[in-house]
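These notes concern the structure reproduced below.
Derivation of every value follows stated rules applied to the coordinates shown; laboratory data play no part. None of these values were measured; they are calculated from a predicted model. Backbone-built Cβ (ideal geometry, glycine too); neighbour counts: all protein chains shown.
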Amino acid sequence: MDTHEALLNRRSIRKYLKEPVPKALVEKIMTAATWAPSGGNSQPWRFYVTMGAKRDELIQALIEATGPDAPSVEAYDEMAERVGKAVSEGLKQSDPADVSLLKLGKEAAELVRFGSIRFYQAPVAIIVATPKTMGGSSSQSIGAAVQNVLLAAHAEGLATCWLGMPLRYKDEIIEVLGIPEDEVLITSICLGYPDKESSINKMVRARVPYEETVQIFSE
Ligand SMILES: Cc1cc2nc3c(=O)[nH]c(=O)nc-3n(C[C@H](O)[C@H](O)[C@H](O)COP(=O)(O)O)c2cc1C
């Protein structure tokens, strides 16, 4: 895949197939992550990649931490289906460039909230941490490593969503994964095969006009 094409076509995916991701492929993607640039080559990232039973345990702990209004795994599937249909209707009735999940109302906002904390039920859930001793530039380096995960996955026909929301429940994550006390959690990512039929995954993405965020001084 051409790099520029990959950069422009990657998108956050919020509904996944149940098909597991082969471990060798996960290792290839995580190897790409470790080749990101980092301040002073400090490589401040620590990735905790969960699949199978550990992933299930992690998601269950986060569902419980969310509280009694969090839907079960089955109820969430049903909710995702229903909100997906509403998104389809929204797409038909609105200017496609103006449709976003959060503009589609309370249920869509709940789908993002409940979906994020369960890694959108993707088969791979990744937690990113860093040693507490790492210096001030480490968040920049970790951002580069996370973007490598997103792009390497995309190049393999896989999909991802960068997720901040699961970090609301740091204690649960630390306990399930046995993350050492000298590390701090930074962010998380879900990874899997995209459900290409899902309306949520087809929503038009927008960016503010280029001129508002980029200035080129060429003289
Ligand atoms: C730091 C960060 C945190 C994010 N957290 C979430 C999240 O918790 N849930 C979610 O659905 N998307 C999350 N996203 C994805 C953004 O919503 C998404 O990147 C943005 O809407 C642009 O869409 P695109 O990735 O499809 O280009 C996060 C992205 C970043 C960079």
Using the Cα atoms of the chain to build a convex hull, what is its mean projected area in square nanometres?
14.4
When the chain is treated as a Gaussian network with springs between alpha carbons less than 10 Å apart, the largest mean-square fluctuation among G192, G157, G40 is found at G40
Least to most buried among E212, E27, E183, by other C-beta atoms within 10 Å and fewest first, runs E212, E27, E183
Given backbone amide H placed at 1.01 Å from N, residues whose amide H is under 5 Å from that of I13, ignoring those fewer than 5 places away on the same chain, are T160, C161
In straight Cα distance, which lysines are under 23 Å from K15, not counting same-chain residues fewer than 8 positions off?
K23, K28, K54, K85, K92, K103, K106, K196, K202
For R10 and M79 in one chain, what is 0.36 nm times their gap in residues minus the Cα-Cα distance, to one decimal in nm?
22.3 nm
Any DSSP H helix in the chain with Cα axial reach of 27 Å or more and mean Kyte-Doolittle score of at least -1.0? Listed by number, the hits are 73-93
Net charge near E5, counting Lys/Arg +1 and Asp/Glu -1 over other residues with Cβ under 15 Å of its Cβ?
0
Each label sits 7 Å from Cα toward the beta-carbon; between A24 and V208 the label points are separated, in nm, by 4.6
With no solvent and one point per C-alpha, what does the Debye sum give as log10 I(q)/I(0) for segment 93-219 at q = 0.11, 0.18 Å⁻¹?
-0.53, -1.17
